[in-house]
Amino acid sequence: KAGVTQTPRYLIKTRGQQVTLSCSPISGHRSVSWYQQTPGQGLQFLFEYFSETQRNKGNFPGRFSGRQFSNSRSEMNVSTLELGDSALYLCASSLKSTGLVSYEQYFGPGTRLTVT
Amino acid sequence: AQSVSQHNHHVILSEAASLELGCNYSYGGTVNLFWYVQYPGQHLQLLLKYFSGDPLVKGIKGFEAEFIKSKFSFNLRKPSVQWSDTAEYFCAVIGGATNKLIFGTGTLLAVQP
């Protein structure tokens, strides 16, 4: 079974621009979560989507947004990029997310975003 | 708020030495606990997980972890490390019925041949 795939793998943007990152979950997985990894802040949760609905959101400004499509693929968007947005953005998928049970998450290779 | 503490930021061991990495979490309710590993140049991989049942869980590559509820701890152990275990190790917790992983700051393990 193919793992989580993320595109693009590397991206260089300029301050003020916007960027869209894409994530394709493992086949059959309906939950997609996004995380930001930086040397200073470590791994931080951005948001989670299940059945095209945002279920949880981390403590990030509104410039960070996401969506999920009917085939479970997900995109995240960052508008008005700042230097501090430079990070590795990780996508993780899990079998499902319900109100009662959590499942292990499988991570993709990430998109390395550099903002200059 | 939930939090995870990993007390060892950088550990250097010789091959065949025993390993124990500490992990403590802060959350009063039911938790799911995880250890992830990130080998150089590779993506995060799940080492092991605890959801319920036997508090001693075994994972891949000879790793195990013990959940001690009274101490809010989930320490990772391996009796004999190999050079190939050189990686960064992350402890993570999910508190309650969400998929929001809260990660510790990670421990860089370097195993010298």
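Read-outs: derived from the displayed coordinates by stated rules, not from any lab. Keep in mind the model is a prediction, meaning the values are calculated, not measured. Neighbour counts are summed over all protein chains in view; Cβ atoms, including those assigned to glycine, are modelled from backbone coordinates with ideal geometry.
Note on chain A: Cα Rg divided by 2.2 N^0.38 Å, N the number of residues, gives 1.01.
Each peptide in B:14-21, A:82-89 receives the mean, over its residues, of other Cβ atoms within 10 Å, and ordering these scores from highest gives A:82-89, B:14-21.
Net charge dipole, region A:1-108: roughly 140 debye, given to the nearest 20, about the Cα centre with Cβ charges of +1 for Lys and Arg and -1 for Asp and Glu. For the residue pairs B:Lys58/B:Lys100; B:Lys49/B:Lys69; A:Lys96/B:Lys100; B:Lys49/B:Lys100, alpha carbon separations beyond 18 Å are given by B:Lys58/B:Lys100. About the centre of its Cα atoms, chain B shows a dipole size close to 260 debye [charges on the beta carbon of Lys, Arg (+1) and Asp, Glu (-1) only; nearest 20 debye].
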